[in-house]
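Undergrad: My questions all concern the structure below.
The values are calculated or read from the model by the stated rules, or taken from the named source; none is laboratory data. What you see is a predicted model; the values in this text were computed from it and never measured. Here the Cβ positions follow ideal geometry from the backbone for every residue, glycine too, while neighbour counts run over all protein chains shown.
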Amino acid sequence: MQQMVSKQQRPGGSQAQTIIITAITLFALSGLILGLAVGAFTRPAKTPPTNPILKTNQSPIPTHGPTMTPTLPPQAGPIGCPQITTYSPTQISDGATPYKVVAQIRDRSGNSACSDQNKPLSAPNIMCKIWLVKELDPTKGLDFSDYKDRLLHADLTDTITLKVANSQDQIPEVSGLQFSSDTPQTQKCNDQGIGNWQYTVSSQVPAGQYSLFVFNDWSGFYNYSWRNVTVQASK
(Lines give C-alpha, C1' and ligand atoms only; values in the text may rest on other atoms or scores of the structure.)
Protein backbone atom coordinates (compact mmCIF):
# COMPACT_ATOMS: atom_id res chain seq x y z
CA MET A 1 0.00 0.00 0.00
CA GLN A 2 1.63 3.16 -1.09
CA GLN A 3 1.99 5.77 1.61
CA MET A 4 1.03 9.27 0.62
CA VAL A 5 2.96 12.08 2.34
CA SER A 6 1.49 15.55 2.14
CA LYS A 7 2.95 18.86 3.24
CA GLN A 8 0.52 21.06 4.85
CA GLN A 9 0.68 24.80 4.17
CA ARG A 10 -0.80 27.75 6.01
CA PRO A 11 -3.96 28.73 4.34
CA GLY A 12 -3.30 31.86 2.11
CA GLY A 13 0.47 31.96 2.90
CA SER A 14 1.72 31.25 -0.63
CA GLN A 15 -0.33 34.07 -2.20
CA ALA A 16 0.80 36.65 0.36
CA GLN A 17 4.43 35.71 -0.19
CA THR A 18 4.08 36.13 -3.93
CA ILE A 19 2.58 39.57 -3.53
CA ILE A 20 5.41 40.67 -1.22
CA ILE A 21 8.15 39.44 -3.61
CA THR A 22 6.48 41.15 -6.58
CA ALA A 23 6.21 44.44 -4.68
CA ILE A 24 9.87 44.33 -3.71
CA THR A 25 10.88 43.58 -7.30
CA LEU A 26 8.81 46.43 -8.69
CA PHE A 27 10.24 48.80 -6.10
CA ALA A 28 13.78 47.81 -7.01
CA LEU A 29 13.11 48.19 -10.73
CA SER A 30 11.57 51.61 -10.23
CA GLY A 31 14.64 52.75 -8.33
CA LEU A 32 16.95 51.49 -11.02
CA ILE A 33 14.96 53.25 -13.76
CA LEU A 34 14.89 56.46 -11.75
CA GLY A 35 18.66 56.33 -11.27
CA LEU A 36 19.31 55.81 -14.98
CA ALA A 37 17.00 58.67 -15.88
CA VAL A 38 18.72 61.08 -13.47
CA GLY A 39 22.16 60.04 -14.76
CA ALA A 40 21.13 60.68 -18.31
CA PHE A 41 20.06 64.25 -17.43
CA THR A 42 23.05 65.10 -15.25
CA ARG A 43 25.90 63.51 -17.26
CA PRO A 44 27.96 66.18 -19.15
CA ALA A 45 27.73 66.03 -22.96
CA LYS A 46 30.74 64.62 -24.71
CA THR A 47 32.78 67.19 -26.71
CA PRO A 48 33.88 65.81 -30.07
CA PRO A 49 37.67 65.77 -30.47
CA THR A 50 39.14 68.52 -32.64
CA ASN A 51 42.20 68.30 -34.87
CA PRO A 52 45.08 70.59 -33.88
CA ILE A 53 45.69 73.55 -36.23
CA LEU A 54 49.19 73.46 -37.63
CA LYS A 55 50.73 76.86 -38.36
CA THR A 56 53.16 77.20 -41.23
CA ASN A 57 55.38 79.98 -42.48
CA GLN A 58 54.39 79.61 -46.13
CA SER A 59 53.61 82.80 -47.99
CA PRO A 60 50.23 83.01 -49.68
CA ILE A 61 50.27 82.03 -53.36
CA PRO A 62 49.24 84.97 -55.56
CA THR A 63 46.27 84.29 -57.74
CA HIS A 64 47.68 86.36 -60.64
CA GLY A 65 51.29 86.53 -61.83
CA PRO A 66 53.00 89.66 -63.13
CA THR A 67 51.88 90.80 -66.56
CA MET A 68 54.65 90.34 -69.15
CA THR A 69 54.87 92.88 -71.94
CA PRO A 70 55.87 91.16 -75.20
CA THR A 71 58.98 92.48 -76.97
CA LEU A 72 58.02 93.71 -80.41
CA PRO A 73 60.50 93.38 -83.29
CA PRO A 74 61.94 96.66 -84.58
CA GLN A 75 60.13 98.35 -87.41
CA ALA A 76 61.79 98.56 -90.81
CA GLY A 77 63.87 101.69 -91.32
CA PRO A 78 67.02 103.00 -92.99
CA ILE A 79 70.04 100.73 -92.81
CA GLY A 80 73.75 101.34 -93.32
CA CYS A 81 76.24 99.61 -95.55
CA PRO A 82 76.72 95.96 -94.56
CA GLN A 83 80.05 95.19 -92.94
CA ILE A 84 81.78 92.30 -94.70
CA THR A 85 83.72 90.62 -91.91
CA THR A 86 84.88 87.44 -93.67
CA TYR A 87 85.94 86.89 -97.29
CA SER A 88 88.89 85.68 -99.37
CA PRO A 89 90.62 88.37 -101.49
CA THR A 90 92.05 85.71 -103.82
CA GLN A 91 89.90 82.90 -105.16
CA ILE A 92 90.53 80.04 -107.57
CA SER A 93 88.03 79.12 -110.25
CA ASP A 94 88.32 75.36 -109.90
CA GLY A 95 84.76 74.55 -108.78
CA ALA A 96 86.14 72.79 -105.68
CA THR A 97 87.88 75.21 -103.31
CA PRO A 98 85.33 76.40 -100.71
CA TYR A 99 85.03 80.07 -99.77
CA LYS A 100 83.06 81.78 -97.04
CA VAL A 101 81.53 85.24 -96.79
CA VAL A 102 80.02 86.72 -93.61
CA ALA A 103 78.33 90.12 -93.57
CA GLN A 104 76.81 92.06 -90.67
CA ILE A 105 73.85 94.37 -91.27
CA ARG A 106 74.27 97.78 -89.62
CA ASP A 107 72.00 100.66 -88.70
CA ARG A 108 72.30 104.35 -89.61
CA SER A 109 73.31 105.66 -86.18
CA GLY A 110 76.47 107.19 -87.67
CA ASN A 111 76.75 110.33 -89.77
CA SER A 112 76.73 108.49 -93.13
CA ALA A 113 75.57 105.27 -94.72
CA CYS A 114 78.97 103.60 -94.41
CA SER A 115 80.17 105.30 -91.22
CA ASP A 116 82.28 103.29 -88.77
CA GLN A 117 79.91 104.56 -86.06
CA ASN A 118 77.01 102.54 -87.49
CA LYS A 119 76.11 99.72 -85.11
CA PRO A 120 75.17 96.10 -85.81
CA LEU A 121 71.46 95.76 -86.43
CA SER A 122 69.60 92.77 -84.95
CA ALA A 123 66.26 92.37 -86.67
CA PRO A 124 64.30 89.60 -88.38
CA ASN A 125 63.09 89.52 -91.99
CA ILE A 126 66.02 91.31 -93.61
CA MET A 127 66.95 89.77 -96.95
CA CYS A 128 70.59 89.34 -97.95
CA LYS A 129 72.18 88.47 -101.28
CA ILE A 130 75.65 88.37 -102.79
CA TRP A 131 76.80 88.16 -106.39
CA LEU A 132 79.88 88.65 -108.50
CA VAL A 133 80.43 91.57 -110.92
CA LYS A 134 83.30 93.09 -112.81
CA GLU A 135 85.42 95.31 -110.57
CA LEU A 136 83.44 98.39 -109.53
CA ASP A 137 84.61 101.99 -109.62
CA PRO A 138 84.13 103.36 -106.07
CA THR A 139 83.73 106.90 -107.40
CA LYS A 140 80.53 106.06 -109.25
CA GLY A 141 77.19 105.64 -107.53
CA LEU A 142 74.58 103.00 -108.32
CA ASP A 143 70.93 103.42 -109.25
CA PHE A 144 68.27 100.85 -108.14
CA SER A 145 65.18 102.82 -109.17
CA ASP A 146 64.26 100.19 -111.77
CA TYR A 147 63.74 97.71 -108.93
CA LYS A 148 61.69 99.93 -106.61
CA ASP A 149 58.65 97.63 -106.47
CA ARG A 150 60.70 94.49 -106.00
CA LEU A 151 62.79 96.02 -103.25
CA LEU A 152 59.66 97.19 -101.44
CA HIS A 153 58.68 93.52 -101.08
CA ALA A 154 62.27 92.36 -100.43
CA ASP A 155 62.17 90.29 -103.61
CA LEU A 156 65.82 89.57 -104.38
CA THR A 157 65.41 86.12 -105.93
CA ASP A 158 65.78 87.19 -109.55
CA THR A 159 68.90 88.76 -110.99
CA ILE A 160 69.56 92.43 -110.20
CA THR A 161 71.64 94.21 -112.83
CA LEU A 162 73.60 97.12 -111.38
CA LYS A 163 73.14 100.43 -113.13
CA VAL A 164 75.58 103.34 -112.84
CA ALA A 165 73.85 106.45 -111.50
CA ASN A 166 73.16 109.22 -114.01
CA SER A 167 74.23 106.92 -116.82
CA GLN A 168 72.97 104.15 -119.04
CA ASP A 169 75.92 101.95 -118.16
CA GLN A 170 74.96 98.60 -116.65
CA ILE A 171 77.03 96.11 -114.69
CA PRO A 172 75.55 92.60 -115.03
CA GLU A 173 76.10 89.74 -112.64
CA VAL A 174 78.92 87.36 -113.50
CA SER A 175 77.52 83.86 -113.25
CA GLY A 176 79.79 81.33 -111.58
CA LEU A 177 79.40 81.31 -107.77
CA GLN A 178 78.17 77.85 -106.76
CA PHE A 179 76.48 78.08 -103.34
CA SER A 180 76.05 75.31 -100.79
CA SER A 181 72.49 74.09 -100.25
CA ASP A 182 72.29 75.43 -96.69
CA THR A 183 73.60 78.93 -97.57
CA PRO A 184 71.69 79.99 -100.72
CA GLN A 185 72.65 83.07 -102.69
CA THR A 186 69.45 84.86 -101.62
CA GLN A 187 68.59 84.27 -97.97
CA LYS A 188 66.96 85.77 -94.93
CA CYS A 189 69.70 86.96 -92.59
CA ASN A 190 69.46 85.58 -89.07
CA ASP A 191 67.92 87.53 -86.19
CA GLN A 192 71.32 88.98 -85.32
CA GLY A 193 71.48 90.58 -88.77
CA ILE A 194 74.17 88.29 -90.13
CA GLY A 195 74.33 86.78 -93.62
CA ASN A 196 76.47 83.71 -94.13
CA TRP A 197 77.45 82.14 -97.47
CA GLN A 198 79.63 79.25 -98.57
CA TYR A 199 80.44 78.66 -102.22
CA THR A 200 82.94 77.60 -104.84
CA VAL A 201 83.95 79.49 -108.00
CA SER A 202 83.11 77.72 -111.23
CA SER A 203 85.88 76.95 -113.69
CA GLN A 204 83.83 78.92 -116.24
CA VAL A 205 84.77 82.21 -114.52
CA PRO A 206 87.74 83.77 -116.34
CA ALA A 207 90.70 84.95 -114.34
CA GLY A 208 90.56 88.65 -113.58
CA GLN A 209 89.56 91.40 -111.16
CA TYR A 210 86.04 91.29 -109.70
CA SER A 211 83.90 92.75 -106.93
CA LEU A 212 81.96 90.58 -104.53
CA PHE A 213 78.74 92.56 -104.06
CA VAL A 214 76.65 92.26 -100.82
CA PHE A 215 73.10 93.66 -100.81
CA ASN A 216 70.61 94.02 -97.90
CA ASP A 217 66.90 94.84 -98.19
CA TRP A 218 64.56 95.56 -95.26
CA SER A 219 61.06 96.06 -96.70
CA GLY A 220 62.29 98.66 -99.21
CA PHE A 221 65.10 100.11 -97.09
CA TYR A 222 68.29 98.81 -98.70
CA ASN A 223 72.04 99.26 -98.77
CA TYR A 224 75.11 97.51 -100.09
CA SER A 225 78.88 97.23 -100.04
CA TRP A 226 81.51 95.18 -101.84
CA ARG A 227 85.00 93.79 -101.64
CA ASN A 228 87.37 93.47 -104.59
CA VAL A 229 88.66 89.96 -105.24
CA THR A 230 91.13 88.43 -107.66
CA VAL A 231 90.01 85.26 -109.40
CA GLN A 232 92.81 82.97 -110.53
CA ALA A 233 92.45 80.19 -113.04
CA SER A 234 92.85 76.63 -111.84
CA LYS A 235 96.29 75.18 -112.65
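Undergrad: How many residues does the range 82-117 contain that are within 31 Å of the chain's Cα centre (by Cα) and of a type outside the set (Ser, Thr, Tyr)?
TA: To start, the set of residues in the range 82-117 that are within 31 Å of the chain's Cα centre (by Cα) comprises 82-86, 100-109.
Next cut, of a type outside the set (Ser, Thr, Tyr) only: 82-84, 100-108.
Selection size over the range 82-117: 12.
Undergrad: So which residues in the range 129-147 are surrounded by fewer than 16 Cβ atoms within 10 Å (Cβ to Cβ) and in contact (Cβ under 8 Å) with a residue 40 or more places away in the chain? Before the answer, list the steps.
TA: We begin by selecting, within the range 129-147, every residue surrounded by fewer than 16 Cβ atoms within 10 Å (Cβ to Cβ); these are 134-135, 137-143, 145-146.
Within the range 129-147, 134, 135, 142 meet the criteria.
Undergrad: Working carefully through the options 165, 154, 233, 207, find the one that is loosely packed, with under 15 Cβ neighbours inside 10 Å and touching an Asp or Glu at 6+ places or on another chain (Cβ under 6 Å). Reasoning before the result, please.
TA: Numbers: 154 fails: loosely packed, with under 15 Cβ neighbours inside 10 Å; 233 fails: touching an Asp or Glu at 6+ places or on another chain (Cβ under 6 Å); 207 fails: touching an Asp or Glu at 6+ places or on another chain (Cβ under 6 Å).
Going through 165, 154, 233, 207 in turn, the sole match is 165.
Undergrad: Considering every residue within the range 187-201, establish whether at least one is free of Cβ contacts under 8 Å to residues at least 60 places away in the same chain and either assigned to a loop (DSSP other than H, G, I, E, B) or among the hydrophobic types (A, V, I, L, M, F, W, C) (or both).
TA: At the first step, the residues of the range 187-201 found to be free of Cβ contacts under 8 Å to residues at least 60 places away in the same chain are 190.
Those still in the list that are either assigned to a loop (DSSP other than H, G, I, E, B) or among the hydrophobic types (A, V, I, L, M, F, W, C) (or both) too: 190.
Yes, there is a match, as at least one residue in the range 187-201 is free of Cβ contacts under 8 Å to residues at least 60 places away in the same chain and either assigned to a loop (DSSP other than H, G, I, E, B) or among the hydrophobic types (A, V, I, L, M, F, W, C) (or both).
Undergrad: Residue by residue through the range 112-128, note down the ones that are more than 16 Å from residue 76 (Cβ to Cβ) and buried (at least 20 other Cβ atoms within 10 Å of the Cβ).
TA: Listed by number, the list holds a single entry, 118.
Undergrad: So which residues in the range 213-235 are in a strand (DSSP E or B) and over 18 Å from residue 144 (Cβ atoms), if there are any at all?
TA: We begin by selecting, within the range 213-235, every residue in a strand (DSSP E or B); these are 213-218, 221-233.
Scanning the range 213-235 gives 227, 228, 229, 230, 231, 232, 233.
Undergrad: Output the number of residues of the range 191-209 satisfying the condition of being under 23 Å from residue 113 (Cα atoms) and not acidic (Asp, Glu).
TA: So the first thing to find is which residues in the range 191-209 are under 23 Å from residue 113 (Cα atoms), and the list is 191-196.
Still in the running and not acidic (Asp, Glu): 192-196.
The total comes to 5.
Undergrad: Filter the range 60-108 down to residues that are modelled with pLDDT under 95 and among the polar types (S, T, N, Q) and give me whichever is surrounded by the most Cβ atoms within 10 Å (Cβ to Cβ).
TA: Residue satisfying both the conditions and the ranking: 75.
Undergrad: While we're on this one: Hey, can you tell me all the residues within the range 106-145 that are assigned to a strand (DSSP E or B), in contact with a Phe, Trp or Tyr (Cβ under 8 Å, 6 or more places away or on another chain) and not β-branched (Val, Ile, Thr)?
TA: 127, 128, 129, 131, 132, 134, 142
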